[in-house]
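These notes concern the structure reproduced below.
The values are calculated or read from the model by the stated rules, or taken from the named source; none is laboratory data. Fair warning: this is a prediction, and the values are worked out from it, not measured in the lab. Note that we place each Cβ from the backbone using ideal geometry, even for glycine, and neighbour counts take in every protein chain shown.
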Amino acid sequence: MAGSTIGQRNALSAAALVVAAVLFVGVIVLSSTLLRSAQVDLTEEKLFTLSEGSERIAQSIDEPITLRFYFSDTLAREIPAIGIYAQRVRDLLEEFVRASDGKIRLEIYDPEPFSPAEDRAVAFGLQGVPVDQSGELVYFGLAGTNSTDDTETIAFFDQSRERFLEYDIARVVHNLANPEKRKVGLITSLPLSGSPYRGQPGAPDDSWIAYSQLEEFFEIEPIRASSGEIPEDIDVLLLVHPKDLTDETLFAIDQFVLRGGRLIAFIDPHSEADAARANPANRARTPVRTWRSCSPPGASRCRQTRSPATSVPRGASRCRAKASPGSLPSITRCGWLSRVTTSTATTRSPAPSISSTSPRPAFSGRRKAPPSR
């Protein structure tokens, strides 16, 4: 009787262990399926959580988008820090997939040498980087396509742009979701777009950062300050420190706003860029204001200091030269006013000769007392 009771207890214990094990496995499987997207971001700057802007971009997708993440496992083995960064990139891409409600499809590839995945990465324009003496190329980039075969890429995820990672991915998704850029009209008196040679082979990109950022998302159409109409296809009109607007242009802007157009105006009464361009002597990037002073005529003891951007003319070897940054004309002085020049880092205009008896024009700076002998 006692033996049968003990046997029943052992059987019940064994059955309970089996049931517990089955329940444990079931909970794990169920949680990995249903709670896969659940997470808690405990970082101070919310590095693993999409911002509201990125959430809106992902939720506004109408047509499906495919993101192809190319990462070579060899790179993670050779440089572990890159492997950790790659995991963060992958986690962020999965966050975009989750926020898009299935509109974004993520594909992950390991482009091994001479594989179809490597050929596809090269066709997309991704950048291969050698990590050892063998010359084997590794890849760490992103290529995205939409339903109309438009392509956006990140050639290589540079760690120096880690804090802009979400912005770079959001830009790719936004451009694929909105292949037709909205048109922005621009009226400005400032050189936002840089020099006329911008965009030509070998020419530097000297445009303003704000202008370059706008070009990534919008089509910019410059409008002259004397234009008498605003084109009908302009979605947003930007006025950036406009000057000398004609009455016809003001009327056109007024009519554009009245018919429902959007207007953004940036006006700075103390614009440093405008002040620098207003001075006709400011023809170079690093102008220098120079003035020289020494004792009255005939003095034999004067020190001389040469400015890097200004050469001392003949006959002024006994004058002391000083320079300060700015964009003002230079005034050469040796006790009396002898010459007025305009001095910059790259240009120099001919100096008119002024005799010692001519009226002295106003100049900045205090006259130095002659050194004692």
- Positions within the stretch 107-122 being surrounded by fewer than 15 Cβ atoms within 10 Å (Cβ to Cβ) and within 26 Å of N178 (Cβ to Cβ), in sequence order: E107, I108
- Message: With free of Cβ contacts under 8 Å to residues at least 40 places away in the same chain and at positive phi as the only criterion, which of D205, D168, D149 stands out?
- Response: D149
- Message: Going by what's in this entry, would V89 be described as under 24 Å from the mean Cα position of the chain (by Cα) and in a strand (DSSP E or B)?
- Response: no
- Which listed residue, of S134, S100, S160, is farther than 30 Å from E55 by Cα and either hydroxyl-bearing (S, T, Y) or out of contact with any Leu (no Cβ under 8 Å at 6 or more places or on another chain) (or both): S134
- Message: Out of the strands (runs of 3 or more DSSP E) lying entirely within the stretch 123-237, which hold 3 or more residues that are assigned by TED's automatic domain parsing to the domain that holds L92 and crowded, with 17+ Cβ neighbours inside 10 Å?
- Response: 137-145, 151-154
- In the stretch 243-273, the residues that are closer than 17 Å to P191 by Cα, outside any loop (DSSP other than H, G, I, E, B) and not small (G, A, S): F266, E272
- Message: Checking the condition of a type in the set (S, T, Y), closer than 22 Å to S193 by Cα and modelled with pLDDT under 80, which residue from T290, T286 passes?
- Response: T286
- Message: Any residue at all in the stretch 264-273 that's within 27 Å of Q59 (Cα to Cα), modelled with pLDDT of 90 or more and outside the structural domain of F69 (by TED's automatic domain parsing)?
- Response: yes
- Message: When you check E95 against the structure, is it of a type in the set (D, E), surrounded by 15 or more Cβ atoms within 10 Å (Cβ to Cβ) and without any contact (Cβ under 8 Å) to a residue 60 or more places away in the chain, yes or no?
- Response: yes
